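Please read the structure below before turning to the comments.
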Amino acid sequence: MSHVIIRGNNGRRHEVDFEDAELTVELFANDQNVELVLEAVDDDRPSQKRRFALVNLPRSEFDKAMADLARKQSSAIKAIE
């Protein structure tokens, strides 16, 4: 089950529950930012009620997270061998 949870500046929690819906995932990137768009394929819902999540973050933070993940996966593979 796919879902997204964020906490806003006011401390309130916001959740998007995609349940078992089919998802579309789009990734947009430039030199400064990376934007990730997740949207449930809800053909039966009006456009203003579709379930989606939009994440926009600094490119440097995204690159660091991907490098950390690659290092972890590389370490796990070496441990198995």
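Just so it is clear, none of the values below were taken in a lab; they were calculated from the coordinates. Small disclaimer: the values here were computed from a predicted structure and weren't measured. Here the Cβ is made from the backbone with ideal geometry for all residues, glycine too, and neighbour counts use every protein chain on show.
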For this session: Search the structure for amide H atoms under 5 Å from the amide H of Asn33, placed 1.01 Å from N in the peptide plane, and list their residues when 5 or more places away or on another chain.
Result: Arg59
Problem set entry | Ordering of 56-64, 2-10 by packing [mean C-beta count within 10 Å, highest first] | 56-64, 2-10
Problem set entry | Extension gain, Leu54 back to Asn10 (0.36 nm per residue minus Cα-Cα distance, nm) | 14.0 nm
Exercise. Which value, in debye to the nearest 20, describes the size of the charge dipole of the chain about its Cα centre when Lys and Arg Cβ atoms bear +1, Asp and Glu Cβ atoms bear -1, and nothing else is charged?
Worked result: 480
For this session: For the chain, just the Cα set please: Rg and Dmax, both in angstrom.
Result: 16.3, 51
Problem set entry | Derived scalar couplings ³J(HN,Hα) [the range 40-56; Karplus, 6.51 cos²θ - 1.76 cosθ + 1.60; whole Hz; x for Gly, Pro] | 6, 7, 10, 5, 8, 9, x, 4, 6, 10, 6, 8, 8, 9, 10, 10, 10
Seminar exercise, completed: Subtracting the Cα-Cα distance of Val41 and Thr24 from 0.36 nm times their residue separation yields 5.4 nm
